[in-house]
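The values are calculated or read from the model by the stated rules, or taken from the named source; none is laboratory data. Please read these numbers as outputs of a predicted model, since none were measured by experiment. Quick reminder, even Gly has a Cβ in these numbers, built from the backbone with ideal geometry, and neighbours come from all protein chains shown.
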Amino acid sequence: MEFEVFGNKDTRSGFGEGLAVLGEQNPDVVALCADLTGSLKMDAFQKAHPERFFQAGIAEANMIGLAAGMTIGGKIPFTGTFANFSTGRVYDQIRQSVAYSKKNVKICASHAGLTLGEDGATHQVLEDIGMMRMLPNMTVIVPADFNQTKQATIAIAAHEGPVYLRFGRPVMPIFVKPDAAFVIGKADVLAEGTDVTIIACGHMVWKSIEALKELHAIGISAELINMHTIKPLDEAAILESVGKTGCVVTAEEHMMNGGLGEAVSQVLSRKYPVPQEYVAVNDTFGESGTPMELMTKYHIDTPDVVAAVKRAIARKSIII
């Protein structure tokens, strides 16, 4: 099974390009950054629209408060910093000033997960999806590649309400078409299959694409869903797929608790219980290392998706 690849690039650059497009399209879009303009690829917006760019410095809580206030005047603020600082450091401000108040703030979080790499455990947030999806009124989006991150960035500007947009640092293959439509809450079925459903988000979508080739070689027909929106979750896509396959594997660069896998299991336990296996970090912090070394060590790599598929299918056979 082959997927067209349009080059290789990091997802944070997709955010930067999407923000630059919005700068030209929508005069109400403003950007705020916590002293990480280059890392978040917000330079182009800053240079083109300096009057709409606000450097908050290393004061993330203040940045969220400023953003919430700007929405009162009709602005659409995009905040930018590392995912760890976008969530854990400012959770009270997000909960009270953004989610509870239903403010139209777009919280854009880079360097998420283990693939932040060498900066180590203090920066490799693996709890953020769970933290944000538990907040009422919050939309949570985890795009899969450069193109989809650009598309998602543009799309969330038109969405009324708080959004958490999560993306990353490493260079990864680009497989989403440049002109693909991004619909919040609508999953993308990348491959159809009959034996197992794989539901993935973020960098794990590409790892799952790699797994498809190995599974096909051993006669396993896998359906692959890019679940770029974690909340609201596309329940219809999940139920339609597992109705055919009878088992599911979820794959995410996040803690097993609280993330995509847990969101999917909540749907299945209520509406269509089937065997489910998880490819996720299992209740541990990370460490310093290269992104790919860490994905391998913490069992969120291509072989781990393949192994989880085999376990899910074996459990389905036992149940039947």
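Somewhere in the stretch 17-24, is a residue closer than 21 Å to Ala180 by Cα, surrounded by 24 or more Cβ atoms within 10 Å (Cβ to Cβ) and not aliphatic (A, V, I, L, M)?
yes
Within the stretch 141-165, can you find the residues that are more than 22 Å from Tyr298 (Cβ to Cβ) and not in a helix (DSSP H, G or I)? If you could, list the steps in order and put the result at the bottom.
First pass over the stretch 141-165, keeping only residues more than 22 Å from Tyr298 (Cβ to Cβ): 141, 146-165.
Ile141, Ala158, His159, Glu160, Gly161, Pro162, Val163, Tyr164, Leu165, listed by residue number.
Just the residues that are of a type in the set (D, E, K, R) and either without any contact (Cβ under 8 Å) to a residue 12 or more places away in the chain or closer than 18 Å to Thr115 by Cβ (or both), please, taken from the stretch 4-30.
Lys9, Asp10, Arg12
Provide a single number: the residues in the stretch 272-284 that are out of contact with any helix residue (DSSP H, G or I) (no Cβ under 6 Å at 6 or more places or on another chain) and surrounded by 15 or more Cβ atoms within 10 Å (Cβ to Cβ).
Final tally of qualifying residues: 1.
Can you give me the number of residues within the stretch 190-204 that are farther than 14 Å from Glu2 by Cα and not in a loop (DSSP other than H, G, I, E, B)?
Selection size over the stretch 190-204: 6.
Could you tell me whether Val306 is within 17 Å of Ala211 (Cα to Cα), assigned to a strand (DSSP E or B) and not acidic (Asp, Glu)? Reasoning before the result, please.
Details: within 17 Å of Ala211 (Cα to Cα): yes; assigned to a strand (DSSP E or B): no; not acidic (Asp, Glu): yes.
Considered against the rule, which asks whether it is within 17 Å of Ala211 (Cα to Cα), assigned to a strand (DSSP E or B) and not acidic (Asp, Glu), Val306 comes out as no.
With the requirement that a residue be surrounded by 18 or more Cβ atoms within 10 Å (Cβ to Cβ) and closer than 25 Å to Lys244 by Cβ, what does the stretch 149-183 give you?
Within the stretch 149-183, Phe175, Val176 qualify.
Out of all the residues in the stretch 240-267, which are buried (at least 20 other Cβ atoms within 10 Å of the Cβ), of a type in the set (A, V, I, L, M) and in a helix (DSSP H, G or I)?
Val242, Leu260, Ala263, Val264
Restricting to the stretch 1-45, what's the tally of residues that are within 17 Å of Asn104 (Cβ to Cβ) and touching a Pro at 6+ places or on another chain (Cβ under 7 Å)?
2
Among (1) touching a strand residue (DSSP E or B) at 6+ places or on another chain (Cβ under 6 Å); (2) surrounded by 23 or more Cβ atoms within 10 Å (Cβ to Cβ), there is one condition Asp188 misses while meeting the rest; what is its number?
(2)
Given the conditions (1) in contact with an Asp or Glu (Cβ under 8 Å, 6 or more places away or on another chain); (2) within 24 Å of Lys186 (Cβ to Cβ); (3) among the aliphatic types (A, V, I, L, M), which single one is not true for Ile156?
(1)
Please enumerate the residues belonging to the stretch 9-36 that are out of contact with any Phe, Trp or Tyr (no Cβ under 8 Å at 6 or more places or on another chain) and either closer than 16 Å to Ser86 by Cβ or not assigned by TED's automatic domain parsing to the domain that holds Lys106 (or both).
The one that is out of contact with any Phe, Trp or Tyr (no Cβ under 8 Å at 6 or more places or on another chain) and either closer than 16 Å to Ser86 by Cβ or not assigned by TED's automatic domain parsing to the domain that holds Lys106 (or both): Asp35.
What pairs can you find where one residue is in the stretch 223-238 and hydroxyl-bearing (Ser, Thr, Tyr), the other is outside any strand (DSSP E or B), and their Cβ atoms are less than 9 Å apart, with a gap of 6+ or different chains?
Correct list of pairs: Thr229/Val142; Thr229/Ala152; Thr229/Val183; Thr229/Ile184; Thr229/Gly185; Thr229/Lys186; Thr229/Ala187; Thr229/Cys201.
Could you name every one of the helices (runs of 4 or more DSSP H) located completely within the stretch 33-119 that has at least 1 residues being loosely packed, with under 15 Cβ neighbours inside 10 Å? Please lay out each step first, then the result.
On the way: elements: 43-48, 60-72, 83-87.
Once the helices (runs of 4 or more DSSP H) in the stretch 33-119 are filtered for at least 1 residues that are loosely packed, with under 15 Cβ neighbours inside 10 Å, what remains is 43-48, 60-72.
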